[in-house]
Amino acid sequence: MIAPISIISFLTTLGSVVALGPAAVNLRTAANFAILAKAGVTTMPVSKITGAVGVSPIGVQAITGFSLALASNGEFATSSQVVGDVFAASFAAPTPATLTVAVGDMGTALTDANGRATPNFTNLATGTIGGLVLTPGLYKWTTAVSIGNDVTISGSATDTWIFQIAGTLSLSAGKKVVLAGGALTSNIVWVVGGAVTIAAGAHFEGVILATTSITLETGSSANSRLLSQTSVALQAATVFN
Ligand SMILES: *[C@@H]1O[C@H](CO)[C@@H](O)[C@H](O)[C@H]1NC(C)=O
């Protein structure tokens, strides 16, 4: 039965040829979290998060607005605003060690994404990217990026995007990041040096690796993972992935 093996190797080759964009950023165990932050996660109720939430090295005191209920084993907590579990470095073992590894993996991913060289696009549209269609590739801005109108990320389900932004990233109220052509949010990475602000009613797509804070204003949503070196603030926001 040589034929099926040949077909498989042909398809594998074809797959590797057609995928466009940079090598994927490996989130390792940080991918087990919808929200992971070193200094805190706050919500102004009612937010809705699908996936795990974690803070480390800070303890549970830095998770506010969730009305947490601690599990009887002390290893995690639950909240009516989270479809998943909530973890803090102050919880019982093995949670602190698990979080230390995840936060380390988050830092490794940020360093990896920030370190990618030879961008396909540098300072595209001087950072004002509303209305554009973004094809696969590595994008670098030495400035802030603002999205004042809907922006489209277009490519196949195997294509990848890395957006390196030295300054802040802001998505204006009611505006959207739109995916087209089968593009997957898990293949999109925004690595941001300044604060990230998703304004009221806006919708965001893609993994965020933030050097500072991430804020989702009232009624906004993100099909995303929010991974912050400092804190994440939600104002009646929706986060899923
Ligand atoms: C992006 O740049 C890299 C390195 O120069 C190149 O190999 C690749 O083909 C470019 N990708 C796209 C989608 O243009």
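A short reminder: the numbers here are calculations on the coordinates, not readings from a lab. Keep in mind that what you see is a predicted model, and the values were worked out from it rather than measured.
Here are a few things to note about the model shown:
- Percent RCO, i.e. relative contact order, over the stretch 92-185, from Cα pairs under 8 Å lying at least 6 residues apart: 24
- For the chain, the longest principal axis of the C-alpha atoms and the axis of helix 2-18 are separated by about 80°.
- Size estimate for the stretch 106-241 follows the Kirkwood approach: the inverse of mean 1/r over distinct Cα pairs works out to 14.4 Å.
- Rounded to 10°, Cα long-axis angle of helix 95-115 versus longest principal axis of the chain: 30
- Cα centroid separation, the stretch 41-101 to the stretch 198-241 (Å): 17
- The chain, relative contact order in percent, only Cα pairs under 8 angstrom and at least six apart counted: 19
- Derived from the Cα gyration tensor, the three semi-axes of the equivalent ellipsoid of the chain are 31, 23, 16 Å, largest first.
- Projected-area average for the stretch 135-201 over all orientations - Cα convex hull basis, square nanometres: 4.2
- Mean Cα-pair separation over length for the stretch 160-231, i.e. relative contact order, pairs under 8 Å, 6 or more apart, %: 30
- Secondary-structure-derived ellipticity at 222 nm for the chain, considering helices only, amounts to -5500 deg cm²/dmol, per-run term -39500 (n - 2.57) for DSSP H runs with n ≥ 4.
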